[in-house]
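Working notes, beginning with the structure itself.
The values are calculated or read from the model by the stated rules, or taken from the named source; none is laboratory data. All values reported here derive from a predicted model rather than from experimental measurement. Note that we place each Cβ from the backbone using ideal geometry, even for glycine, and neighbour counts take in every protein chain shown. Only protein heavy atoms, including side chains, enter the accessible area calculation; ligands, DNA and RNA are left aside. Shrake-Rupley method; radii C 1.70, N 1.55, O 1.52, S 1.80 Å.
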Amino acid sequence: VQASLLPEGVPEISGWDFAARWQPARQVSGDFYDFIPGQAGQIDLVMADVSGKGMPAALFMALSRTIVRASMGHSLSAAEDISRANRLVCADAKDGMFVTVFCARLSPDTGDVAYVNAGHNPPLLCKQGDEEEPLTELMPTGLAVGILEDFAFEQGTLHLDPGDFLLLYTDGVPDATNTQSQRFEMERLRRVILEYRHAPAADIVAALERAIGEFTGATTQFDDIAIMIAKRL
């Protein structure tokens, strides 16, 4: 039932390559992602992670996903739409639960992106034309959704040229743990992305999943994992 709330596939947009994966650590998950059609051909790329574990997180995930989806596309500003979602989540959130959200409002015709990072793990922007520092972390522009009702979210902007891509993920990726209680961490994540940055989106995701699996070995998955890539061809 929970999996049915996620997209059945990835968008098929000329000039773009998308890929996504979702792997619960238990029978249910607090992570979710979404592709939400917007105004004038825009599309909102959403990655989110609710607080907590187990059934409470799964139920809050369903609520948060519905609210975020219903809130997007009402204005030309991603920040305003996330603010709307925040007010609604704050009205329904119980026992201090919240959800970290990253939303990238992509204009496929131009490659322009407006984004809001509401307390989420910093996505990676990979710029193929920058050999010195190809990876940039998109740091938070506001608090997690559900904490402060009247919080004013800020909005960042970026541009994707052909070959560039965004990697969105949840904390289950850097926090993946091996048998020696070592974490996968961002440095390993960055190495995988740099090694496969010229590959198709699905191959980059597969390489990251493979690297995590080889690192963790026989260790039981500690946290939910969700990954999304949006690459301009």
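log₁₀ I(q)/I(0) of region 80-130 at q = 0.15, 0.24 Å⁻¹, via Debye over equal Cα point scatterers, no solvent, to two decimals? Each listed q maps to, in turn, -0.56, -1.01. Expressed as a whole percentage, what fraction of the accessible surface of the chain belongs to carbon and sulfur atoms when a 1.4 Å probe is rolled over the protein heavy atoms? That fraction is 51 percent.
Once the cut-off is 18 Å, how many percent of the Cα-Cα pairs in region 37-90 end up in the long-distance tail?
Details: 488 of 1431 pairs.
In whole percent, the long-distance tail amounts to 34.
Using Cβ point charges alone (K and R +1, D and E -1), the dipole size of the chain about the Cα centre works out to roughly 540 debye.
Residues whose amide H falls under 5 Å from that of A19, counting only those 5 or more places apart or on a different chain, are I229, with hydrogens built in the peptide plane. Evaluating 6.51 cos²θ - 1.76 cosθ + 1.60 at θ = phi - 60° for every residue in region 84-91, the Karplus couplings come out as 4, 4, 4, 4, 5, 5, 4, 5 Hz, glycine and proline recorded as x. DSSP bridge analysis restricted to region 1-149 gives an antiparallel fraction near 95%, rounded to the nearest 5. Of the GluC sites (Glu not before Pro) in region 88-164, the ones in a loop by DSSP (not H, G, I, E or B) with at most 16 other beta carbons within 10 Å are E131, E132, E149, E154.
Dipole of region 133-233, Cα-centred, from +1 at each Lys and Arg C-beta and -1 at each Asp and Glu C-beta, to the nearest 20 debye? Working shown, then result.
Numbers: 8 positive and 17 negative charges, 88 e Å.
The calculation lands at about 420 debye.
Ranked from largest, the principal axis spans of the Cα set of region 1-156 equal 46, 34, 33 Å.
Relative to one another, the C-alpha centroids of region 189-228 and region 44-67 are positioned 22 Å apart.
The string of couplings for region 115-129 from the Karplus curve (6.51, -1.76, 1.60, θ = phi - 60°) is 9, 10, 10, 8, x, 8, 3, x, x, 9, 9, 9, 9, 5, x Hz, one whole number per residue in order, with x for Gly and Pro. Each residue of region 206-221 is assigned a 3J(HN,Hα), and the resulting list reads 4, 5, 5, 4, 5, 5, 5, x, 5, 6, 7, x, 7, 5, 5, 4 Hz, derived from the Karplus form 6.51 cos²θ - 1.76 cosθ + 1.60 (θ = phi - 60°), x at Gly and Pro.
Dipole orientation for the chain: of the candidates L5, M186, P123, L5 has the Cα lying most toward the positive pole (charges on Cβ; Lys, Arg +1; Asp, Glu -1).
A 1.4 Å probe run over the chain, with the rest of the protein chains in place, finds 45 Å² accessible per residue.
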